[in-house]
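Q: Sharing a structure, written as structure tokens. Questions coming.
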């Protein structure tokens, strides 16, 4: 079946190339369905608009460069939850409904900056594996292992003992749709929400994954002493998760992102 999407063009240029990303909106144009159909997807949560203003043009740039479509989700899914405010964490769980049009999907949180030299993740990870980064390491290890136990105390022991994914950077294919399943019609609402549920489903269904290493999801935890204090600017993906402050002179993650954007991307805007 041919893929049908609407093409949205942006006039500004990034790194000398027009920011042209195909954005799934209304069916108006047909593309060659014989090629791998790729999507880059992110969330735009309430209050995260300043971060999205920094990251989304970069995402569109790479969507163009990697021959992918781009969408930003701003609506919560209609799923049963006691705390409806937590539905926003499950926005990306619409992914299986997009597999009619796409073979592979890359999910990025909006508080992420990609390095200008970031390799093509669609070429780095084989299509039969989920590509992600595990965060049950360093100072977060105990709390993440607690969450792994907590969800199994709630929904049943499946033998999941380690391998806690961060959902802010993940690539997957059609055959991995089970990672977005409900658990008997329910969704985990405790700390970790979607990360815990995705990890539970990966373990439950024994889905093959590739731990990409911190360079593909460099959060503040990976700049600490236990990990050798590596420079985030040597990584492909910088993720300002949580507080998201790498340098104490900045008051919040948005200020940190602005400073890092100026260092990595400001002189590449044409």
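The values are calculated or read from the model by the stated rules, or taken from the named source; none is laboratory data. Bear in mind the structure is a predicted one, so any value in this text is a computation, not a measurement. Don't worry about glycine lacking a Cβ; one is built from the backbone with ideal geometry, like all the others, and counts go over all protein chains shown.
Q: Can you tell me which residue in the range 64-76 is nearest to residue 90 (Cα to Cα), limited to those that are over 14 Å from the mean Cα position of the chain (by Cα) and modelled with pLDDT of 95 or more?
A: 69
Q: Another one. So if I check each of 10, 25, 36, which one is farther than 21 Å from residue 257 by Cα, at pLDDT below 50, touching a strand residue (DSSP E or B) at 6+ places or on another chain (Cβ under 7 Å) and in a loop (DSSP other than H, G, I, E, B)?
A: Criteria check complete, one pass: 25.
Q: Related question: Check whether at least one residue in the range 249-261 is under 16 Å from residue 56 (Cα atoms), assigned to a loop (DSSP other than H, G, I, E, B) and either at pLDDT below 95 or over 16 Å from the mean Cα position of the chain (by Cα) (or both), and report yes or no.
A: So far as the range 249-261 goes, no, none of its residues is under 16 Å from residue 56 (Cα atoms), assigned to a loop (DSSP other than H, G, I, E, B) and either at pLDDT below 95 or over 16 Å from the mean Cα position of the chain (by Cα) (or both).
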